[in-house]
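*Asks:* Got a structure for you, written out below as structure tokens; questions coming shortly.
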Amino acid sequence: MSSGPGGTLTRQALAGARVLLAFTLLLGLAYPFAVTGIGQTLFGWRADGSLVTADGSATRDRDEAVGSALLGQPFDGAEWFHPRPSAAGDGYDTLASAGSNLGPESPDLLAAIADRKAEVAATEGVDPAVVPPDAVTASGSGLDPHISPEYAAIQVARVADARGLTDGEVRGLVAEHTRGRSLGVLGDPRVDVLALNQALDRLSPQP
């Protein structure tokens, strides 16, 4: 005997509620806890943000961390290698990671590039024509921790002079902190700015 439309709707509603509860427990609780547990157990340092201390060692203690190996941050002053510009929030804001979304023909972008190129050329004492693109454009995330070897190269003389080092000593540090293409073919060679500046401070500490 049929239970009628009312009974059918009730059974369907209860079935739907059971499915909803099951998937909530599975995907809303069990899965996140499992992934978090695996991440903390097997990849704890990476899961906690790839934090590093002033001496370049890995840490999971936020109080002793000076930055992340994955995130760019500002460095001001002649004694530091400077990162590429950032359009994330007011700059290097991890809560507002993004590019400027300005197109290649945007007057605002072209004006910003021209201003940055003139500023970098004046700071480094080079011809504006040799200023590389990553010195005047932000990355898609605004948090790129790397610069090109070309951008690092035009900063060597300034940093060496500010720290009382020879150009050769600083170039050696740049070479040590330059990474090649991933898997030998992906991306471009890049310089880790945070690690490079930490190495500079170990070689020639600043007050």
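The values are calculated or read from the model by the stated rules, or taken from the named source; none is laboratory data. The shown structure was predicted, so the numbers you read here are calculated from the model rather than taken from an experiment. Every residue, glycine as well, gets a Cβ built from its backbone with ideal geometry; the counts of neighbours run over all protein chains shown. Accessible surface is based on the protein model in full, side chains and every heavy atom, while ligands, DNA and RNA are left aside. Shrake-Rupley method; radii C 1.70, N 1.55, O 1.52, S 1.80 Å.
*Asks:* Mind pulling up the Rg/Rh value for the stretch 92-207? Radius of gyration and Kirkwood radius, both on Cα.
*Replies:* Ratio value, two decimals: 0.99.
*Asks:* Using +1 at the Cβ of each Lys and Arg and -1 at the Cβ of each Asp and Glu in the chain, identify which of ALA112, ILE154, THR59 lies farthest towards the dipole's positive end.
*Replies:* The residue sitting most towards the positive pole is THR59.
*Asks:* If you don't mind, another one. Grab the eigenvalues of the alpha-carbon gyration tensor for the chain, scale each by 5, take roots, and send me the semi-axes largest first in whole angstrom.
*Replies:* In descending order the semi-axes read 49, 23, 14 Å.
*Asks:* Given the -39500 (n - 2.57) contribution per DSSP H run of 4+ residues, what per-residue ellipticity at 222 nm results for the chain, rounded to the nearest 500 deg cm²/dmol?
*Replies:* For the chain, the value works out to -13500 deg cm²/dmol.
*Asks:* Sticking with this one: Using 7 Å Cα-to-Cβ label points, what is the GLU150/ILE38 separation (nm, one decimal)?
*Replies:* Each label point lies 7 Å from its Cα, and together they span 4.1 nm.
*Asks:* So if each residue of separation counts as 0.36 nm, and I subtract the Cα-Cα distance between LEU102 and LEU29, what length gain in nm does that give?
*Replies:* Full extension of this stretch gives 22.3 nm more.
*Asks:* Turning to a different aspect of this structure: Please tell me the relative contact order of the chain in percent, rounded to the nearest whole number, where contacts are Cα pairs under 8 Å and at least six residues apart.
*Replies:* For the chain, the relative contact order is 18 percent.
*Asks:* Just the accessible area per residue of the chain, please: how many Å² with a 1.4 Å probe?
*Replies:* That works out to 60 Å² per residue.
*Asks:* Would you mind checking which residues have amide H under 5 Å from GLY67's amide H? H placed 1.01 Å from N; only 5 or more apart, or other chain.
*Replies:* Those qualifying (amide H under 5 Å, at least 5 residues apart or on another chain) are VAL52.
*Asks:* Pop a pseudo-label 7 angstrom from the Cα along the beta-carbon direction at both SER57 and VAL19 and give the gap in nm to one decimal.
*Replies:* Going by the 7 Å Cα→Cβ label model, 5.4 nm.
*Asks:* For the stretch 2-101, list log₁₀ I(q)/I(0) at each q in 0.10, 0.14, 0.20 Å⁻¹, using the Debye formula over Cα point scatterers of equal strength and ignoring solvent, two decimals each.
*Replies:* Relative scattering, expressed as log10 I(q)/I(0), comes to -0.55, -0.77, -1.07.
*Asks:* Could you check how much of the accessible area of the chain is carbon and sulfur, as a whole percent, using a 1.4 Å probe?
*Replies:* In the chain, the share of accessible area belonging to carbon and sulfur is 60 percent.
*Asks:* Among the chymotrypsin sites (Phe, Trp or Tyr not before Pro) within the stretch 7-90, which fall in a DSSP loop and have no more than 12 other Cβ atoms within 10 Å of their own Cβ?
*Replies:* When the chymotrypsin sites (Phe, Trp or Tyr not before Pro) of the stretch 7-90 are filtered for loop state and at most 12 Cβ neighbours within 10 Å, PHE43 remain.
*Asks:* Next question. Could you compute the longest span of the chain free of GluC sites (Glu not before Pro) located in DSSP loops and having at most 13 other Cβ atoms within 10 Å, not counting the site residues?
*Replies:* 106-207
*Asks:* Quick check: the distance between the Cα centres of the stretch 18-85 and the stretch 96-111, to the nearest angstrom?
*Replies:* Here the two parts' Cα centres lie 28 Å apart.
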